[in-house]
1. When only C-alpha pairs under 8 Å and at least 6 residues apart count, what is the relative contact order of the range 23-141, in percent?
2. Taking the Cα-to-Cβ direction at Glu133 and at Gln77 and moving 7 Å from each Cα, how far apart do the two end points lie in nm?
3. How long, wide and thick is the range 61-168, going by the Cα atoms along their three principal axes, in whole angstroms, largest first?
4. Hey, quick one: spin label on Ala67, modelled 7 Å out along Cα-Cβ, who in the range 86-109 has an amide N within reach, i.e. under 17 Å?
5. Would you mind getting me the FRET efficiency between Asp123 and Arg45? Use the beta-carbon distance for r and R0 = 35 Å, nearest 0.05.
6. Given the options Ala85, Gly174, Leu33, identify the residue whose Cα lies farthest towards the positive end of the charge dipole of the range 25-180 (+1 on Cβ of Lys, Arg; -1 on Cβ of Asp, Glu).
7. List residues of the range 54-89, by number, whose backbone nitrogen lies under 20 Å from a label position 7 Å along Cα→C-beta of Leu173.
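What follows draws every value from the coordinates through simple rules; no lab data is involved. These numbers were taken from a predicted model, which means no experiment stands behind them. Note that each Cβ is placed from the backbone with ideal geometry, even for glycine, and that neighbours are counted across all protein chains shown.
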Amino acid sequence: MRRGLALALAAVVSLTVVRPARAQESAACEARLQLIVATLDADARRTRTWYWSWMAIGGGLLAGQAALALVTTGDEQKDFVAGAATSVFIPGMLLVHAPRVLDAAPLLDARLAATTVDGRVGDPCIALPRAEELLDRAADDQALATGWFAHAFVIGGNIAVGLLLGLGFHDWLGAAKQVVGGSIVGEVQILTLPTGALTLRGAGIAGSF
C-alpha cells in the first residue's frame, strides 16, 4: 500500500515538475531555431542579390576594359589590359566559391520542412544543433570573406599589378590608377557582403565565437 502511494506521488511530481520543464526547454529551442532560420533566410536573399550584382559588375568591367584595350594603344592600352585582367577575379572568385549561406539556408529549410506538422517543428531541440552547425558554417565563410586576409588580398593584388605597370612598363600613372581604382572596387565588394550569420553568432547564437 505504502509503495503504491509512493509511486503515485512520484508520478504526480513528474507531471507537475518534469513536463513544465520540458515544455520550457522546447520553447527556448523553438525560439533559437526560428531566429536562426529567419537570419539565414534573410541573409541568403540579400547575398543572392549581392552575388548577381557583383557578377554583373565584374563581367561589365571585364568586357568594357577588354573592348577598350582593342581600340587603344600605348600606356592606355596596357592600363585597360591590366584592368580587364584584374576584373576577372570578381566573377571568377564568385564562381569558384559562392557564399556558403546560399546553400545553408535551403538545407535548413528543407530539413525543417520534413519534420514540420501543422506549422510546428516536431522537436525543435533535435533540429537546433543542425541549425547551429549551418549557422556556424555560414558565419565562418563570412568571417573569411570579410577578414583581414580578404582586404590584404585585394589591396596587395592591386599593388602587385600596379608595380608591374610601373616597373615593367614605366607607366606610373596607370599604376596609380590601378592601385587606387582596383582597391576601391575590391573593398566595396567586401564591405557590401551581407554578414547576418556572423553578426548573430557574435550575439551568442551557435557554438563558435
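1. Working: 99 pairs, mean separation 44.7, N = 119.
So the answer I get is 38 percent.
2. 5.7
3. Here the spans come out as 69, 28, 15 Å, largest first.
4. 87-88
5. 0.80
6. Sorting the options by dipole projection puts first Gly174.
7. Only 65-66, 68-84 fall inside the zone, counting backbone N under 20 Å.
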